[in-house]
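The values are calculated or read from the model by the stated rules, or taken from the named source; none is laboratory data. Please read all numbers here as calculations on a predicted model, not as lab measurements. Cβ placement follows ideal geometry from the backbone for every residue including glycine, while neighbour counts extend to all protein chains displayed.
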Amino acid sequence: MNVDARLRILLGCLLLGIYLLFYSPHIDSADGQAMLAVTTATLRHGTPDIGATAALDALLPLQMSRMGAFGVDGALYAKKGVTPSLALAPLVLLADALPWLDTRATAMLFNPLVTTLTALLLYTLARWLAFRPWTAFITALLYGLATTALVYVKTLFGEPLAALLLLGAVMGAYQSRTTGANDTNPEPAAPRNRWLILSGACLGLLLGVNLVYALAAPVVFIYLFGIPPASPRSGVTLRRVAAFALPILGALALLGLYNWARFGSPTSSGYHFEAGEGFTQPVLVGLYGLTISPYRGLFWYSPALLLALPGWLMLRHRAARLAWLALALAALQLLAFAAWWSWHGGIVWGPRFLLPALPLLALMLAPLVEAAFTRRALALVIAAFAALSVGIQVLGAAYNILHFTGYLYTHYYTGDVNALVAALADDVLTHPGLSAILGHLALAVSGWPLELTWTASGLDWLHLLAAGGLIVAGVSVYIIRARRAMPRWMPVLPLLAAFIASNIVAARQANPTARALETALQPPGTVVAASTLLGDTLLDLDGRWRTFSTNAPTAPDDPLAAPLWDYARRQGSRLWLLTWFPPADPTNWQARDLWLAAAFITERQAANHRALLFDLNPAQADQAGGQRFDTIRLETYGVSRAGDSLKVTLVWTADAAPAADYTWFVHVLDAAGNILAQQDRAPQGGYAPTSDWAAGATVTDRLAFVGDFPPGIHLRLGWLNPAAGSRLPAFDSDGTPLPDGFALLGVD
């Protein structure tokens, strides 16, 4: 095993092991919740909606900050690009296949894995440029630990994936122009179209992260075909242009079809441009804010990247075309997002929108690292900048940014979304003392407990051993130098260690609330959680449940809750409503809708909520009744079987106004008169109390029983006066008194 292979293994295990120490199982952004919701809904139900996280989306105060937009079919779809959701699919499938893994905890391994892979690609690119192995290793470590990439492994934002894809596009473009072969670059002399396809495919996938990356395609095209080629064989040909362009055009076509299927137009992506979302910020403000401002400045949050400026001059002497390409793409990233209305990226650490350019900026450090092997003073400078940068990232990863954000909103909130920093005073942008770096440093100095997963409930030694064991595995492979001393299976050890360590870390974060819901919500069906108290827990339910959430309380005409409620009710025949409202609460319009139109099956307690199950296809009341209970008459009724359901509909009429609040009961009896199932309740679940009935009033109750009912069953029904503790007198349709206050209805 050569030194490159061993260093790659060491790099991958070291970074992933460290990232697992900073791993979080919690999705703390609307972006991540929406991306994962698309993945789970697509894989489990065949539709890429975000209904499961709609309640959280509705909490965002500004429409332009919300992730969702309603499509032509009434579903709520995400404005975020689809590529991250597609990339999450293997992890979601893994969580579905392995019973000890939950969906969210497994999905949160995504950015640790993606960032590790990005560092490995950066190592490879540095070696292609003929930097020594340890230079490439240190350069990749600087990217992985000394930039904000370290903090974003705790998130589920799409920018780490964009960094991987942008780097891949550059690597493919570079290799397509390579004309010579050497020890570190074994490519043959003639450029290979496969590298052009790779570059175009990465750019096409980038469009699925954010369409702004369409601006990168012309830059790479100019690098490939606009600069004089390195050899006549690498010039412009239709085949080479097609190899690069077709993946991009194909991606654009697929995105257009995706948008057309959701929103009825290939150019509609769900962004709320009509509400003010868009490139509306003065560019100079964004440039200042993203580069040198204490609030989000790149060089504040990653001081080591200051060295990229002289490093680029040195890189230009080694690979001029590539240096200019990297600089152009980094500048384009900066300029594009400097004009975005929320250039700062929301509640995040550092300049989130510049993260995709960080591998290219880190590459510019490689010449300095190479020179530092022979220049001690330069080595000390790089070490100092690196140590400062790593310390800043550790501060960012060790504590939740919400604490400092809360401080800013408490003391500097203005509400002006068009301000330099949306809704905050201008001082936040310029005052060094208001930087989150100093805020987190103050937390550390004050002894604030570390907010790391393995410290949440005391030290989780198994978590620590898993992460440490992965690092040890990488070191073990590296120190075994002689081929004869290394078993053939030894290179598999790091991959196996990574899989085991990741499984252990994620499995330690099992979600008991999701398991409790799965136990309570039987039989499975559509779930609508009219509550924000469950957060994004619904994402952890497996594919047997189709999940939606709405905020509560809301009005029946709420522009977010009402259309989602209508859509959810069309998704299946059975619906579970999770609600914190008490029974018959007049403001609980969703429960009232179900009691009025659906057949009630059962109620249970689930995760501190009432869980009510309804059948949305009740029986038709097509049979004459006539039985009377005091002044209440059974006008008509209907009984039907459907699968494992026995459905009953009862239409009551008041011959005179009832004297009090009464309740009814329905028993399912077998041929011997034994009770197989029963329901006892007030009319329409309490929404139609008999004390409100006037003479001539008609009220319909719908109910259903789930079970394997044998032939020969029948129904027994009657009415009770709960205050008196007695049944109401019952009479048959011909006026004959019925003994014991019961009426019997046939089923089969």
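The table that follows gives values for the structure above.
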{"quantity": "Among (1) in contact (Cβ under 8 Å) with a residue 12 or more places away in the chain; (2) surrounded by fewer than 24 Cβ atoms within 10 Å (Cβ to Cβ); (3) of a type in the set (Gly, Ala, Ser); (4) within 27 Å of ARG569 (Cα to Cα), the one test that GLY46 misses", "calculated": "(1)"}
{"quantity": "Within the stretch 289-307, tally of residues that are touching a residue at least 40 places away in the same chain (Cβ under 8 Å), aromatic (Phe, Trp, Tyr) and surrounded by fewer than 19 Cβ atoms within 10 Å (Cβ to Cβ)", "calculated": "0"}
{"quantity": "The stretch 89-137, subset farther than 12 Å from LEU363 by Cβ and over 31 Å from the mean Cα position of the chain (by Cα), residue surrounded by the fewest Cβ atoms within 10 Å (Cβ to Cβ)", "calculated": "TRP134"}
{"quantity": "Residue within the stretch 337-359 that is over 22 Å from ASP28 (Cβ atoms) and crowded, with 24+ Cβ neighbours inside 10 Å present", "calculated": "yes"}
{"quantity": "Test result for VAL369, under 21 Å from LEU298 (Cα atoms), assigned to a helix (DSSP H, G or I) and β-branched (Val, Ile, Thr)", "calculated": "yes"}
{"quantity": "Qualifying residues in the stretch 691-739 (those that are in contact with a Leu (Cβ under 8 Å, 6 or more places away or on another chain) and of a type in the set (S, T, N, Q)) - the one nearest to ASP644 (Cα to Cα)", "calculated": "THR700"}
{"quantity": "Candidate set from the stretch 308-327 (those that are surrounded by fewer than 17 Cβ atoms within 10 Å (Cβ to Cβ) and among the hydrophobic types (A, V, I, L, M, F, W, C)); member that is farthest from TYR223 (Cα to Cα)", "calculated": "LEU309"}
{"quantity": "Residue list for the stretch 553-596, filter: small (Gly, Ala, Ser), in a loop (DSSP other than H, G, I, E, B) and free of Cβ contacts under 8 Å to residues at least 40 places away in the same chain", "calculated": "ALA555"}
{"quantity": "Meets criteria (touching a residue at least 60 places away in the same chain (Cβ under 8 Å), under 21 Å from LEU578 (Cα atoms), among the hydrophobic types (A, V, I, L, M, F, W, C) and outside the structural domain of LEU521 (by TED's automatic domain parsing)) for ALA682", "calculated": "yes"}
{"quantity": "Some residue of the stretch 75-82 being among the β-branched types (Val, Ile, Thr) and over 30 Å from ALA320 (Cβ atoms)", "calculated": "yes"}
{"quantity": "Positions within the stretch 641-700 being of a type in the set (Val, Ile, Thr) and either surrounded by 14 or more Cβ atoms within 10 Å (Cβ to Cβ) or in a loop (DSSP other than H, G, I, E, B) (or both), in sequence order", "calculated": "VAL648, THR649, VAL651, THR653, THR663, VAL666, VAL668, THR690, VAL699, THR700"}
{"quantity": "Unmet requirement for LEU424, which otherwise passes all of (1) in contact (Cβ under 8 Å) with a residue 24 or more places away in the chain; (2) touching a helix residue (DSSP H, G or I) at 6+ places or on another chain (Cβ under 7 Å); (3) surrounded by 15 or more Cβ atoms within 10 Å (Cβ to Cβ)", "calculated": "(1)"}
{"quantity": "Single unsatisfied condition, ILE500 versus (1) part of a helix (DSSP H, G or I); (2) over 26 Å from THR103 (Cβ atoms)", "calculated": "(2)"}
{"quantity": "Count - residues of the stretch 15-35 that are free of Cβ contacts under 8 Å to residues at least 60 places away in the same chain and surrounded by 24 or more Cβ atoms within 10 Å (Cβ to Cβ)", "calculated": "1"}
{"quantity": "Check on ALA58, among the aliphatic types (A, V, I, L, M) and at pLDDT 95 or above", "calculated": "no"}
{"quantity": "Residues of the stretch 701-719 satisfying the condition of being surrounded by fewer than 19 Cβ atoms within 10 Å (Cβ to Cβ) and within 50 Å of the chain's Cα centre (by Cα)", "calculated": "VAL706, GLY707, ASP708, PHE709, PRO710, PRO711, HIS714, ARG716"}
{"quantity": "Options ALA330, ALA362, ALA397: the member that is surrounded by 21 or more Cβ atoms within 10 Å (Cβ to Cβ), assigned to a helix (DSSP H, G or I), assigned by TED's automatic domain parsing to the domain that holds TRP128 and touching a Lys or Arg at 6+ places or on another chain (Cβ under 7 Å)", "calculated": "ALA397"}
{"quantity": "Matching residues in the stretch 704-729 - criterion: being part of a strand (DSSP E or B) and either closer than 14 Å to GLN678 by Cα or small (Gly, Ala, Ser) (or both)", "calculated": "ALA704, PHE705, VAL706, HIS714, LEU715, ARG716, LEU717, GLY718, TRP719, SER726"}
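Conditions tested, residue by residue: (1) within 20 Å of THR602 (Cα to Cα); (2) more than 19 Å from the chain's Cα centre (by Cα); (3) surrounded by 18 or more Cβ atoms within 10 Å (Cβ to Cβ).
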site	(1), (2), (3)
ALA520	yes, yes, no
PRO523	yes, yes, no
SER531	yes, no, yes
LEU538	no, no, yes
TRP545	yes, no, yes
PHE548	yes, no, yes
THR554	no, yes, yes
PRO559	no, yes, no
